[in-house]
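Colleague: Sharing a structure below in structure tokens format, with a few things to ask.
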Amino acid sequence: MSDKKKPTNELANRIAGFNDPSMGDERERDVILRAYTFGAVVSTYVFFALGLLFAILGAGIWSALIIIGSLVTSIAISSYCNRENVDFSMAMARVSPRRLVIGNIVGAVFAIVWVGAIVFHMSRGYPLIDAGMGASTTLGVSTGTYSIVFGAAVGFIVAITLMTISRFRKIKQARAEAARAAEIEDED
């Protein structure tokens, strides 16, 4: 296999500064990369919090744009790994059960409160906290709007379920690969 990196990741490396002298020695580089990772996780939670805040203040469905914006980090990470021939979904399958449960609980609570704030706004005609965002609605909100919000809630539940099933499959696959590697190592 060639050591030559794909051009798209070379651009990503330049944007992130991976080959920049600012990365320092190996230890400093490790710390900086960990800091980048921490920053990406924190920024995702900040996007979620902003989306929730805007839903509470009356931005309604428009707050979804903020939530969708938070997906950019995940897409960039997964794409980078894919171009480097790293199975990111397999890596995510190895997430510790405690971290996975905490993440799922935080995500579920966020989704419930976020959708609840939007439904409250649509059903009552005013947001939980009226910040004068000009997003007042009437009590005669269309059934289609309710359908969208309900569909989003169901979609979230389906997505969590599918991710959980996928994770269990990946865990089985990782264990099988580890067992095969151990057998090969024992034979040598």
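Colleague: Calculate, in nm to one decimal, what residue 147 and residue 82 gain on full extension: separation in residues at 0.36 nm each, minus their alpha carbon distance. Let's see the in-between values first.
Modeller: Working: separation 65, 0.36 × 65 = 23.40 nm, distance 3.55 nm.
Taking 0.36 nm per residue and subtracting the Cα distance, the gain is 19.8 nm.
Colleague: Still on this model: For the stretch 1-93, report the accessible area per residue in Å² (1.4 Å probe, heavy atoms, rounded to an integer).
Modeller: Per residue, the stretch 1-93 has an accessible area of 69 Å².
Colleague: According to the square roots a ≥ b ≥ c of the eigenvalues of the Cα gyration tensor, what is the shape class of the stretch 28-82, taking rounded for a/c under 1.5, prolate for a/b larger than b/c otherwise, and oblate for the remainder?
Modeller: Note, shape of the stretch 28-82 comes out oblate.
Colleague: Here is a follow-up. What FRET efficiency comes out for residue 159 versus residue 179 if R0 is 30 angstrom and r is the Cβ-Cβ distance? Round to the nearest 0.05. Walk me through the intermediate numbers first.
Modeller: Numbers: r = 30 Å, r/R0 = 1.01.
Efficiency, rounded to the nearest 0.05: 0.50.
Colleague: How much of the accessible area of the stretch 1-138, probe 1.4 Å, is carbon plus sulfur, in whole percent?
Modeller: Roughly 67 percent of what the probe reaches on the stretch 1-138 is carbon or sulfur.
Colleague: While we're here: For residue 129, project a label point 7 Å along Cα to C-beta. Then give me every residue of the stretch 33-74 with its amide nitrogen under 11 Å of that point.
Modeller: Hits in the stretch 33-74 for residue 129 at 11 Å: 53-58.
Colleague: Hey, another quick one. Could you compute the FRET efficiency for residue 89 and residue 50, with r as their C-beta to C-beta distance and R0 at 41 Å, rounded to 0.05? Please report the intermediate quantities before stating the final value.
Modeller: Numbers: r = 27 Å, r/R0 = 0.67.
Efficiency computed from Cβ-Cβ geometry: 0.90.
Colleague: Between the alpha-carbon centers of the stretch 14-53 and the stretch 108-132, tell me the distance in whole angstrom.
Modeller: 32
Colleague: Semi-axes of the equivalent ellipsoid for the chain, please: Cα gyration tensor eigenvalues, times 5, square-rooted, ordered largest first, whole Å.
Modeller: Values: eigenvalues 322, 106, 39 Å².
One finds semi-axes of 40, 23, 14 Å for the chain.
Colleague: Divide by every residue of the chain the summed helix terms, -39500 (n - 2.57) for each DSSP H run of at least 4, and state the resulting mean residue ellipticity at 222 nm, rounded to the nearest 500 deg cm²/dmol.
Modeller: -26000 deg cm²/dmol
Colleague: I've got another one for you. If contacts are Cα pairs under 8 angstrom and at least 6 residues apart, what is the relative contact order of the chain in percent?
Modeller: Computed value for the chain: 22 percent relative contact order.
The values are calculated or read from the model by the stated rules, or taken from the named source; none is laboratory data. It should be emphasised that the depicted structure is a prediction, and the values quoted were computed from it without experimental measurement. No Cβ is skipped: glycine too gets one built from the backbone with ideal geometry, and neighbour counts run over all protein chains shown. Heavy atoms of the whole protein, side chains included, go into the accessibility calculation; ligands, DNA and RNA do not. Shrake-Rupley method; radii C 1.70, N 1.55, O 1.52, S 1.80 Å.
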